[in-house]
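> This structure is in structure tokens; I'll ask about it shortly.
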Amino acid sequence: MPAPQLTIVADPAALAEAAADAIFEAATSAVAAHGRFTVALAGGSTPRTAYELLASPRRSARMPWARTFVFFGDERGVGPEHPDSNYGMAHAALLAKVPIPAEQVYRVRGEAQDPEEAAREYARTLAEVFGTRRGELPRFDLVLLGVGVDGHTASLFPGSPVLKEVFRTVAAVHATAAEIPQRFTLTLPVLNAAARVVVLATGPEKAKIVRAALADKGTSLPAAMIAPPEGRLTWLLDRAAAALLPPTP
Ligand code: 6PG
């Protein structure tokens, strides 16, 4: 497993630019290679500015929106209008501003009364869009992820039994550590099947977990378990989040 590529930029604004560029580059090369671009967006706050930049006329005009298919790496157990909805954040920052066909944006029904059924429904949608059969994994062109200060990524939290999931592509999880414990997440097999994964982290509060995750051998920290064997992994960091990393040779 090749070591992740480390890209360190000056500050959050530069990270947003670099993340927007990475999405654009992944989109254009995916469409050139196989006619469409499939992406799993990250939630949380870090990616918001990158989404806003991608919605800017200069960038949006060059994106292949008609051939872009958007999923979410994870979702909270809330509806799309809720301020904590990952879909809601991406919709406000990006999806409502660009000409992506609405039927090509797939959100988890976080508001569902039956989370297990909502997770199964999302897994069925993944299989339909990717044309995968039982036991096959969807291979995203790009998966964007963040990392929490406890080392979680998507909604894969330390110690969660879902970290051992090898078959299901989507899981409903109860994350006691999270503000909204009801969560939905793509599982590690899906995240690690991706052609490209970019993990985003900014700020001094992430420096310790970034160092720990990059030093971890994928044994305990979920973010360290992101290791796509047939994909390209990049940790995109600003200087503050990279501050505790050993100097690169
Ligand atoms: C979520 C996210 C989660 C996020 C990290 C980092 O639903 O919370 O998917 O995995 O990426 O918690 O969040 P920040 O970007 O807000 O630091």
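> Here are some residues: PRO83, PRO99. Which one is open to solvent by 40 Å² or more (accessible area, probe 1.4 Å), under 21 Å from VAL129 (Cβ atoms) and of a type outside the set (Val, Ile, Thr)? Please lay out each step first, then the result.
Details: PRO83 fails: under 21 Å from VAL129 (Cβ atoms).
None of the other options fit; the residue is PRO99.
> Answer with yes or no whether ALA242 is of a type in the set (Gly, Ala, Ser), modelled with pLDDT of 95 or more and under 17 Å from the mean Cα position of the chain (by Cα).
Here the answer is no, as ALA242 does not meet what is asked.
> Residues that are more than 23 Å from LEU137 (Cβ to Cβ), in a helix (DSSP H, G or I) and of a type outside the set (D, E, K, R): does the range 215-229 have at least one?
Taking every residue of the range 215-229 in turn, at least one turns out to be more than 23 Å from LEU137 (Cβ to Cβ), in a helix (DSSP H, G or I) and of a type outside the set (D, E, K, R).
> Only one of these conditions is not met by THR169: (1) open to solvent by 30 Å² or more (accessible area, probe 1.4 Å); (2) free of Cβ contacts under 8 Å to residues at least 60 places away in the same chain. Which number is it?
Exception for THR169: condition (1).
> Tell me which of these VAL162 doesn't satisfy, since it passes every other one: (1) more than 10 Å from the ligand (Cβ to nearest atom); (2) open to solvent by 30 Å² or more (accessible area, probe 1.4 Å).
VAL162 satisfies every listed condition except (2).
> Quick one: which residue in VAL166, VAL162, VAL190 is in a helix (DSSP H, G or I), under 21 Å from TYR122 (Cβ atoms) and out of contact with any strand residue (DSSP E or B) (no Cβ under 7 Å at 6 or more places or on another chain)?
After ruling out the rest, the residue left standing is VAL190.
> Being closer than 21 Å to GLN5 by Cβ, open to solvent by 70 Å² or more (accessible area, probe 1.4 Å) and touching a strand residue (DSSP E or B) at 6+ places or on another chain (Cβ under 7 Å) narrows it down to one of ARG239, ARG211, ARG196, so name that one.
Among ARG239, ARG211, ARG196, only ARG239 is closer than 21 Å to GLN5 by Cβ, open to solvent by 70 Å² or more (accessible area, probe 1.4 Å) and touching a strand residue (DSSP E or B) at 6+ places or on another chain (Cβ under 7 Å).
> Are any residues in the range 49-66 surrounded by fewer than 18 Cβ atoms within 10 Å (Cβ to Cβ) and within 16 Å of the ligand (Cβ to nearest atom), and if so, which ones?
The one that is surrounded by fewer than 18 Cβ atoms within 10 Å (Cβ to Cβ) and within 16 Å of the ligand (Cβ to nearest atom): GLU52.
> While we're looking at this one, here's another question. Kindly establish whether GLU121 is surrounded by fewer than 21 Cβ atoms within 10 Å (Cβ to Cβ), in contact with a Lys or Arg (Cβ under 8 Å, 6 or more places away or on another chain) and acidic (Asp, Glu). Quick ask: steps written out before the conclusion?
Details: surrounded by fewer than 21 Cβ atoms within 10 Å (Cβ to Cβ): yes; in contact with a Lys or Arg (Cβ under 8 Å, 6 or more places away or on another chain): yes; acidic (Asp, Glu): yes.
So GLU121 fits the description; yes.
> Of the residues PRO228, PRO189, which is open to solvent by less than 10 Å² (accessible area, probe 1.4 Å) and away from the ligand (no atom under 16 Å from the Cβ)? Even if it seems obvious, please write down each step before you answer.
Values: PRO189 fails: open to solvent by less than 10 Å² (accessible area, probe 1.4 Å).
Checking each option against the conditions leaves just PRO228.
Every residue, every condition in (1) open to solvent by less than 60 Å² (accessible area, probe 1.4 Å); (2) touching a strand residue (DSSP E or B) at 6+ places or on another chain (Cβ under 8 Å); (3) within 15 Å of the ligand (Cβ to nearest atom), yes or no:
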{"site": "ARG107", "(1), (2), (3)": "no, yes, yes"}
{"site": "GLY110", "(1), (2), (3)": "yes, yes, yes"}
{"site": "LEU126", "(1), (2), (3)": "yes, yes, no"}
{"site": "THR132", "(1), (2), (3)": "yes, no, no"}
{"site": "LEU137", "(1), (2), (3)": "no, no, no"}
{"site": "LEU145", "(1), (2), (3)": "yes, yes, yes"}
{"site": "GLY151", "(1), (2), (3)": "yes, no, yes"}
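The values are calculated or read from the model by the stated rules, or taken from the named source; none is laboratory data. Nothing here was measured: the structure is a model prediction, and the numbers come from that model. Heads up, the Cβs are rebuilt from the backbone with ideal geometry, glycines too, and the neighbour counts pull from every protein chain shown. Side chains are part of the model used for accessible areas, which takes the heavy atoms of the whole protein and leaves out ligands, DNA and RNA. Shrake-Rupley method; radii C 1.70, N 1.55, O 1.52, S 1.80 Å.
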